[in-house]
Amino acid sequence: MRQMYQELGIDEPVYLLGKEVETALRKRWEEIDKTAEFNQLKVLSAMQKHRVSAECFMATNGYGYNDLGRDTLEAVYASCFQAEAALVRPQITCGTHALALALMSNLRPGDELLSPVGKPYDTLEEVIGIRPSKGSLAEYGVTYRQVDLLADGSFDYDKIKAAIHEKTKLVTIQRSKGYQSRPSLSVGQIKELIAFVKNIKPDVLVMVDNCYGEFVEEKEPSEVGADMTVGSLIKNPGGGLAPIGGYIVGKKECVEHAAFRLTSPGLGKEVGASLGVISSFYQGLFLAPTVTAGALKGAVFAANLYEKLGFPVVPNGTESRHDIIQAVTLNSPEGLIAFCKGIQAAAPVDSHVTPEPWDMPGYDSLVIMAAGAFVQGSSIELSADGPLRSPYTAFFQGGLTWYHAKLGILMSLQKLWEAGLVQL
Ligand SMILES: *Cc1c(COP(=O)(O)O)cnc(C)c1O
C-alpha cells in the first residue's frame, strides 16, 4: 500500500500521518455507514413503491408529453423526501437555477423575502439583487431582508421576529455554510426555525437551500416543515452520475408554481423531454447515499488531519456533520493554492493541469477551483475551491469514493509540505 501511494507521489511522512489519523476514526466511519444504510433503504423503498421499470429509462424528445421516466422519477423524489410533489429536470441547469426558480415562481411584486440565517450563497446575491443584476428579484419589486446569525452561530430569534411583517412572503434557509465560516445547520435546527417563523406567520413559505446536505442525515428539511427543499443534481443526490439537473421538492402548489415558471404558464410539468439522461438520474439517486457517505468520510478525515497540524477547520474534527463541506483555513494565498493543486493532482481527469485563480461569474472575488471531474463543475466529485481573500480558506468537498477523497487530501498535504508551508 505504502508503495502504491509513493508511486502516486505521497511521501512517507504524509502517508504515515494519514494512517494515524484514519485509524482513530473507526467509530465515526461506523456512524456514517449507518446513515448511508438507512438512506439506501429510503431510496430503494421509494423506487419500489413507484414501480420503477425498464420503460422509465427510455429517451423522450420533442415536447416530452407522457414521459413515464420523468414523471416516475418525480414521484420517487417526492416519496424519498416525504414531500407532496417534486420537479426534477435536466432543464434546471444548476443549483442556482433551481433556487432562483423556486424563489421567482413563488414571489410576486410587493412581497418580501427574508433570510434569517445571514448572507446567502454568493450566486444568490445576484438572484435576489443584493448585488444589482439584470432580472433579479429586486428588479421585479421583491424586497429583501436579512437577519444575521448570532456570534455563536445560533438564531437571533428576537430580530427574526421583528423582521417578519405583513409583506414577508417567503423565508429562505441555507442548510450548508457555503463559502462562510458559520456552522452548517442540522435538520433539527432547521425544524426549530421553521416552527418559529410559522408560529409568527402561519402562511409564510419556507424554502431550504439543501445543496450539499442531501443524505448526510436520516431526515431532510422537507420532513420537518419546509415548503420547498431545493438542490443540485451535480451535488449529493445525483450520486456523481447525473450529468446535469436540479430539483425542487415540497408542497404541491409551490412545485406547480415552479413548473409553470420553468416551462410556461399553462404547460407546467406536462412538457420537458428527458433526452436520454433520465436513467443516470435514477442510478445516481440510487448510489447517492453511499457516495455521500464517502464524501463525508473525506471531510471528516480532512478536518482531523489539518486540525492536528494546527490549521483552523470548520467543522472541527469531532463535530457532527450536516453537509459534506469541509473548510480548512490555510492562512495564505500560497497555502490555498498549494492545497488546491494537491486536490487537482489526485484527480482521475485532468490531473496534469494546474488550477489558477479566476474571475468566476457570480462571485465577487477571484476564486480558485480544483476539480478533475467526469462532470464539469460537479462538486460531489472531489473538488476544492475558495475565494482568494483573507483568511484563505479552502472549501473542500466530494469524492465519489472514500479512497479517492483520501488520496486527494493526502496530496493536498504533500503539496503544502513540498512548498515548505507545513512541518511534518
Ligand atoms: C452549490 C451551491 C449553490 C449553487 O449551486 P450551483 O449548482 O453552483 O449553481 C447554492 N447554495 C449552496 C449552499 C451551494 O452549496
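Do you know which residues across the range 269-301 are crowded, with 24+ Cβ neighbours inside 10 Å and assigned to a loop (DSSP other than H, G, I, E, B)?
Matches in the range 269-301: S274 only.
Every residue in the range 376-393 that is open to solvent by 50 Å² or more (accessible area, probe 1.4 Å), within 15 Å of Y363 (Cβ to Cβ) and within 13 Å of the ligand (Cβ to nearest atom), please.
G377
Give me the residue from the range 78-95 that is in contact with a Cys (Cβ under 9 Å, 6 or more places away or on another chain) and within 17 Å of N236 (Cα to Cα) and, out of that set, farthest from the ligand (Cβ to nearest atom).
A86
List every residue pair whose Cβ atoms sit under 7 Å apart, with the two residues 6 or more apart in sequence or on different chains, where the first one lies in the range 158-187 and is at positive phi and free of Cβ contacts under 8 Å to residues at least 60 places away in the same chain and the second, anywhere, is among the basic types (K, R) and within 15 Å of the ligand (Cβ to nearest atom).
Matching pairs, first to second residue: none at all.
Quick one: is Y282 in contact with a Cys (Cβ under 8 Å, 6 or more places away or on another chain) and among the aromatic types (F, W, Y)? Before the answer, list the steps.
Details: in contact with a Cys (Cβ under 8 Å, 6 or more places away or on another chain): yes; among the aromatic types (F, W, Y): yes.
Here the answer is yes, as Y282 does meet what is asked.
Quick test for you: out of G178, G225, G213, G188, pick the one residue that is small (G, A, S), in the same structural domain as F155 (by TED's automatic domain parsing), part of a loop (DSSP other than H, G, I, E, B) and open to solvent by 10 Å² or more (accessible area, probe 1.4 Å).
G225
Given the conditions (1) in a loop (DSSP other than H, G, I, E, B); (2) under 19 Å from the mean Cα position of the chain (by Cα), and given that N66 satisfies all but one, which numbered condition is not satisfied?
(2)
Looking at E166, E220, E192, which one is within 15 Å of the ligand (Cβ to nearest atom) and at pLDDT 95 or above? First the steps, then the outcome.
Details: E166 fails: within 15 Å of the ligand (Cβ to nearest atom); E192 fails: within 15 Å of the ligand (Cβ to nearest atom).
Selected residue: E220, the only one of E166, E220, E192 that is within 15 Å of the ligand (Cβ to nearest atom) and at pLDDT 95 or above.
Tell me, yes or no, whether the range 127-142 has at least one residue that is under 13 Å from Q174 (Cβ atoms), assigned by TED's automatic domain parsing to the domain that holds A102 and not hydrophobic (A, V, I, L, M, F, W, C).
no
With respect to the numbered conditions (1) open to solvent by 20 Å² or more (accessible area, probe 1.4 Å); (2) within 16 Å of the ligand (Cβ to nearest atom); (3) at negative phi, which one is the sole condition not fulfilled by E418?
Every listed condition holds for E418 apart from (2).
So how many residues does the range 241-258 have that are within 15 Å of the ligand (Cβ to nearest atom) and either aliphatic (A, V, I, L, M) or open to solvent by less than 10 Å² (accessible area, probe 1.4 Å) (or both)? Even if it seems obvious, please write down each step before you answer.
Within the range 241-258, the first condition is being within 15 Å of the ligand (Cβ to nearest atom), and the residues that meet it are 242-248.
This time we only want the ones that are either aliphatic (A, V, I, L, M) or open to solvent by less than 10 Å² (accessible area, probe 1.4 Å) (or both), so: 242, 244-248.
Result for the range 241-258: 6.
Could you tell me whether the range 345-356 includes any residue that is over 17 Å from L421 (Cβ atoms) and touching a Phe, Trp or Tyr at 6+ places or on another chain (Cβ under 7 Å)?
yes
Could you go through the range 352-369 and let me know if any residue there is without any contact (Cβ under 8 Å) to a residue 60 or more places away in the chain, of a type in the set (S, T, N, Q) and either open to solvent by 10 Å² or more (accessible area, probe 1.4 Å) or under 28 Å from K27 (Cβ atoms) (or both).
Step one: of the range 352-369, the residues without any contact (Cβ under 8 Å) to a residue 60 or more places away in the chain are 352-361, 365-369.
Add one more test, that the residue is of a type in the set (S, T, N, Q), and what stays is 354, 365.
Filter again for either open to solvent by 10 Å² or more (accessible area, probe 1.4 Å) or under 28 Å from K27 (Cβ atoms) (or both), leaving 354, 365.
Taking every residue of the range 352-369 in turn, at least one turns out to be without any contact (Cβ under 8 Å) to a residue 60 or more places away in the chain, of a type in the set (S, T, N, Q) and either open to solvent by 10 Å² or more (accessible area, probe 1.4 Å) or under 28 Å from K27 (Cβ atoms) (or both).
If you scan the range 142-175, which residues turn out to be among the charged types (D, E, K, R) and not in a helix (DSSP H, G or I)?
R145, D148, D152, D156, E166, K167, K169, R175
So which residues in the range 385-407 are within 17 Å of the chain's Cα centre (by Cα) and aliphatic (A, V, I, L, M)?
A394, L400, A405
Please identify the pairs in which a residue from the range 86-106 that is within 18 Å of A59 (Cα to Cα) has its Cβ atom under 7 Å from the Cβ atom of a residue that is within 11 Å of the ligand (Cβ to nearest atom) and open to solvent by 20 Å² or more (accessible area, probe 1.4 Å), counting only partners at least 6 apart or on another chain.
As it stands, the answer is P90/I244, since those pairs meet every condition given.
Residue check, R131 against (1) closer than 28 Å to K191 by Cβ; (2) away from the ligand (no atom under 11 Å from the Cβ); (3) open to solvent by 10 Å² or more (accessible area, probe 1.4 Å), all met but one. Which one?
Exception for R131: condition (1).
May I ask you to list the residues in the range 96-126 that are aliphatic (A, V, I, L, M), away from the ligand (no atom under 12 Å from the Cβ) and more than 23 Å from Q180 (Cβ to Cβ)?
M104, L107, listed by residue number.
The values are calculated or read from the model by the stated rules, or taken from the named source; none is laboratory data. Computed from a predicted structure; not experimentally measured. Cβ coordinates were reconstructed from backbone atoms using ideal geometry, including for glycine residues, and neighbour counts include every protein chain displayed. Quick note on the areas: whole protein, heavy atoms, side chains included, nothing else; ligands and nucleic acids left out. Shrake-Rupley method; radii C 1.70, N 1.55, O 1.52, S 1.80 Å.
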